[in-house]
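No value in this document is a laboratory result; all are computed from the given coordinates. Model, not experiment: these values are computed from the prediction. When we count neighbours, we look across all protein chains shown, and the Cβ atoms used for this are built from the backbone with ideal geometry, even at glycine.
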Amino acid sequence: MARYLLTRAWHSALTLVLASVVVFLGIRALPGDPALALAGEDRSPEALAAIRAEYGLDRPLTVQFGHYVERALQGDFGSSIRTGIPVSDMLRTALPVTIELSFLAILIATALGVGAGVVAAVRRGRPAEWVANFLALVGLSVPHFWLGLLAILYLSVATGLFPASGFVPFFEDPVGNLHHIILPALILGTGLAAIIMRQTRSAMLDSLSADYVRTAKAKGLSPRAVIGRHALRNSLIVVVTIVGLQLGGLISGAVVTEQIFGLPGFGKMTIDAVFQRDYPVIQAVVLLTATAYIVINFLVDLVYSLIDPRIRVAGDAA
Amino acid sequence: MTILTVPEAETSPSLTRRTRVFRRLRRNPLAVISFVILAIAVLVALLAPWIAPHSVEDTDFGNIFSPPGTPGHFLGTDDLGRDVLSRIMFGARASLEVGLLAVLTALVIGVPLGLAAGYFRAFDAVIGRFTDLLLAFPFLILAVGLAAIRGASLGNAAVAIGIAQIPGVIRVIRSDTLRLKSLDFVAAAVVDGASDLWVLSRHILPNATSVILVQATVALPAAILGEAVLSFLGLGIQPPDPSLGTMLATAQQFAARAPWAATLPGLVIMILALTFNVFGDALRDALDPKGDR
């Protein structure tokens, strides 16, 4: 157990260091003088000199890297070259939007995915399974930004039931906040729901044919108790893993969804930064995404090994 | 010499296996339907320059936002009076092009790394960390980074999607290599003095083709969706070149006036991805030695 976690912690730390090196070198891979790229509009020699001093661009790469890591650890990612606002302040307003959106999407996806997956497994070979399987395939194949467009076109604009864009912070107006974010969260959740459904179905089919379920049935438990208490509980482990593995897809999806619904989150900040060539913002966004992915997956592994002892045994043996 | 006949013992049942796989596919109506749709889509994409009713850049300002069914414009026209059907044909062509480029990138880099990770214990840890590193950058973030450094283009979109698909390829090939390596015919080849390169290229790689094929059918629809997203955001194919994603981005601004222009390209993306996914599922089932499941 301890050895498994230590290995995982070491791997995560290593990946984190490598990822930060990649991001650090990325900005230096820009054609031309990075100081010019970082300076934005103001390209006077004084401004360029100030940037060179601030980023230590005249020093050796290793020194620059140490400086860069030190600042990142203090939450200092520089300032936007367009607005002059510190990137950390931009993140402070943008991140809660994205975290709320993703969290709701995961909730919706889990409810839909596990529900449909259980139905498909229990009603194997019946029409219900066909419908659930087909919906999952559609969920995997539909471009979500298009689904969002259609939702705005046919739900928001046509019926006025949901706002087509915009955002209200949760603590200012909880109801208005949910009203604005529920449709985007539903759209973002559909793809994840499809993946969770397929994995839940397959895990449920495995558990339903396992010996312990046969034993539970034989000792006279009702089908509901067998499915709920034994088979489903085991299959839920699957969901935890999927959310970890699909985190990258979820972040990509959130970026697009925010763009369509005009939510002022991390994704919108990212896309705006690309078109404005706002390099400090892009650098911070890429580094933070990678860090979040690595840390959350480490936590998922941690939870996973606590739930399922087989994992840490296998991990120790490897 | 006797040893050389051993690999054939694995090859010949796989030949009969191949006919069995084809027979299973032919008997699965979903596989047949999806294959036919895909064949049509590929033909249309290949022949687009010859069969498209209009040029993709022909504007007709007297004829903007014509609804579907307008004579001469079967699927209507867009904000510049360009023919939606022709643009969809070329857009599908671009989707398939980026999809193939991305999957090829992923396979060319991922297959050798997967083989190496599964076959040589020494490489396994290094390649494992490399995979971890790639996973930490979601495809959209990779695309953002690439667009920032090299500018947005079809090629960079394909590279970003392809790189993001490498970890999946490595994982699948690695585990199949581990499985094949433990089989007797590989041990026999090693005992016979075959070099590692020979074993990998003549014994393991040919037997891993079905796994590679299935992985490619999973990766292709994902890549097609990825291209659409990137082009929609302006990080992929650049206007005026037609792409289903950029068509949707433009149509978004006029969605209330021309809902068909915001609906049809998305429908085509979904049909492409759906048929690839259905065919991929059927192929996996047909290749699964355990039979139906």
(message) Quick check: Cα centre of region A:1-18 to Cα centre of region A:72-96, how many Å?
(response) 29
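With viscosity set to 1.002 mPa s and temperature to 20 °C, compute the Stokes-Einstein D of region A:95-264, Rh being the Kirkwood radius across alpha carbon pairs; µm²/s, no decimals. Don't skip to the end; give the middle numbers.
Details: Rh = 17.2 Å.
After rounding, the answer is 125 µm²/s.
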(message) Using the Cα atoms of chain B, I'd like the radius of gyration and the largest Cα-Cα distance, Dmax, both in angstrom.
(response) 22.7, 78
(request) Give the angle, between 0 and 90 degrees and rounded to the nearest 10, that separates the Cα long axis of helix A:2-28 from the longest principal axis of the Cα atoms of chain A. (result) 40
(message) Net charge around A:LEU91, counting only other residues with Cβ within less than 15 Å of its Cβ (Lys, Arg = +1; Asp, Glu = -1)?
(response) -3
(message) To the nearest 20 Debye, how big is the dipole of chain B about its Cα centre, given +1 on the beta carbon of each Lys and Arg and -1 on that of each Asp and Glu?
(response) 820
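Taking the Cα centre of the protein assembly as shown as origin and charging only Cβ (+1 Lys, Arg; -1 Asp, Glu), how large is the dipole, in debye to the nearest 20? Intermediate values should be presented prior to the final figure.
Working: 46 positive and 42 negative charges, 528 e Å.
That gives the protein assembly as shown a dipole magnitude of about 2540 debye.
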(request) Before anything else, pin down the relative contact order of region A:95-264: Cα pairs under 8 Å, at least 6 apart, normalised by residue count, whole percent. (result) 36
(request) Using per-residue counts of other Cβ atoms within 10 Å, averaged over each peptide, order A:116-126, A:285-295, B:157-167 from highest down. (result) B:157-167, A:285-295, A:116-126
(request) Over all alpha-carbon pairs in region A:123-185, figure out the percentage whose distance exceeds 13 Å. (result) 70
(request) Ignore the peptide's own chain and count Cβ atoms of other chains within 10 Å of each Cβ in A:294-303; give me the average, rounded. (result) 1
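With a Förster radius of 25 Å, plug the Cβ-Cβ distance of A:LYS219 and A:ARG126 into 1/(1 + (r/R0)^6) and report the FRET value to the nearest 0.05. Before the final figure, lay out the partial values.
On the way: r = 26 Å, r/R0 = 1.06.
Once the sixth-power term is evaluated, E becomes 0.40.
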(request) Could you compute the FRET efficiency for A:VAL69 and B:VAL108, with r as their C-beta to C-beta distance and R0 at 35 Å, rounded to 0.05? (result) 0.55
(request) With unit charges on the beta carbon (Lys/Arg positive, Asp/Glu negative), name the residue among A:SER207, A:GLY148, A:SER102 whose Cα is farthest towards the positive pole of the charge dipole of region A:95-264. (result) A:SER207
(request) Subtracting the Cα-Cα distance from 0.36 nm times the residue separation, let me have the gained length for A:VAL303 to A:ILE182 in nm, one decimal. (result) 40.7 nm
(request) Can you run the Rg to Rh ratio on chain A? Use alpha carbon positions and the Kirkwood inverse-distance Rh. (result) 1.06
(message) Based on the alpha-carbon set only, what is the convex hull volume of the protein assembly as shown divided per residue, in Å³?
(response) 203
(message) With the crude spin-label approximation of a point 7 Å out along Cα→Cβ, what separation in nm comes out for A:ASP211 versus A:VAL138?
(response) 4.2
(request) For region A:26-148, report the convex hull volume of the alpha-carbon atoms normalised per residue, in Å³, without decimals. (result) 191
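Any chance you could run the full-extension gain for B:ASP196 through B:ILE33? It's 0.36 nm times the residue separation minus the Cα-Cα distance, nm to one decimal. It would help to have the intermediate numbers written out before the result.
Working: separation 163, 0.36 × 163 = 58.68 nm, distance 4.22 nm.
In short, 54.5 nm is gained.
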(request) Using a Förster distance of 35 angstrom, determine the FRET efficiency expected from the C-beta separation of A:VAL175 and B:ASN63, and round it to 0.05. (result) 0.15
(request) Determine how many Å³ per residue the convex hull of the Cα atoms of region B:135-293 encloses. (result) 146
(request) Note the full-extension length gain between B:ASP288 and B:ARG26 as 0.36 nm times their separation in residues minus their Cα-Cα distance, in nm to one decimal. (result) 92.8 nm
(message) Projecting each Cα onto the charge dipole of chain B (Lys/Arg +1, Asp/Glu -1 at the beta carbon, about the Cα centre), which of B:THR59, B:ILE204, B:PHE279 comes out farthest on the positive side?
(response) B:ILE204
(request) Would you please put B:21-28, B:84-91 in order of how densely packed they are, using the mean number of other Cβ atoms within 10 angstrom per residue and starting with the highest? (result) B:84-91, B:21-28
